[in-house]
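To keep things clear, I will list the structure first and then write my remarks on it.
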Amino acid sequence: MVYHRYFKSSGFYLFLFKNLMKLSGILLALILIYQTITNLIHIDIEEYFFSITNDLNHGLVWGIFAVSETLLGLIPPDLFIAWGKMSSYPWLTVTLLAFVSYGGGIAAYFIGHFLSLKPKIKNYFEIKHQKVSNFLRRWGGFFIVMAALFPIPYSTATLISGMVGYPFRHMLFFGLARILRFYVYAAVIFGLL
């Protein structure tokens, strides 16, 4: 009951609601784009991705994944999970992907911390995003878990956590949800759920 009053007075519920609505809008837009591409244009995105990755050296695919998971997470990790399904040891591949992604979040945190040491960048971030910065200092664990589990760029959440000085050990703990995401998504992609 005490936590409820605290969450209410701090504005956490309103902030949570607004961001869940934004996330829902983004997810809906992604679903519509995916449906449009697959139904109207008749492109199988997974097949297209497989054809690209089959022609590439596997080391290069791993490198692209590592860079993506460290710098803004522009390529959805689900595509790499689906790619891992084709390997001889799919669950081992998923495990390695999960730990590379988790490590990418750690690297992004340190990049954010390094950027926060630059006065111009720190001042810009503090002035431009003061409200977000305050919420991240207060509720950083929640954002890290949300980014780890849902299609929000995980590396961006950890980068910003490093910029605002969110405790590293907390980031490590909450970031473990990223590993869980890989196993749950793999179970869905592999047809187990």
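Descriptive notes on the structure:
- Condition check for F80: under 20 Å from F182 (Cβ atoms), in contact with a helix residue (DSSP H, G or I) (Cβ under 9 Å, 6 or more places away or on another chain) and modelled with pLDDT under 75: no
- Odd one out for F80 among (1) aromatic (F, W, Y); (2) under 26 Å from V188 (Cβ atoms); (3) surrounded by fewer than 18 Cβ atoms within 10 Å (Cβ to Cβ): (3)
Each row is one residue, and each column tells you yes or no for (1) of a type in the set (D, E); (2) modelled with pLDDT under 85; (3) assigned by TED's automatic domain parsing to the domain that holds V67; (4) within 15 Å of E69 (Cα to Cα).
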site	(1), (2), (3), (4)
S101	no, no, yes, yes
I111	no, no, yes, yes
E126	yes, yes, yes, no
I152	no, yes, yes, yes
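- Each residue in region 164-180 was checked for being assigned to a helix (DSSP H, G or I), without any contact (Cβ under 8 Å) to a residue 60 or more places away in the chain and in contact with a helix residue (DSSP H, G or I) (Cβ under 9 Å, 6 or more places away or on another chain), and 7 pass.
- Condition met for I75 (surrounded by fewer than 16 Cβ atoms within 10 Å (Cβ to Cβ), aliphatic (A, V, I, L, M) and touching an Asp or Glu at 6+ places or on another chain (Cβ under 9 Å)): yes
- Condition check for S88: surrounded by fewer than 14 Cβ atoms within 10 Å (Cβ to Cβ), in the same structural domain as W62 (by TED's automatic domain parsing) and small (G, A, S): yes
The values are calculated or read from the model by the stated rules, or taken from the named source; none is laboratory data. Quick caveat: nothing in here was measured; it's all calculated off a predicted structure. Here the Cβ is made from the backbone with ideal geometry for all residues, glycine too, and neighbour counts use every protein chain on show.
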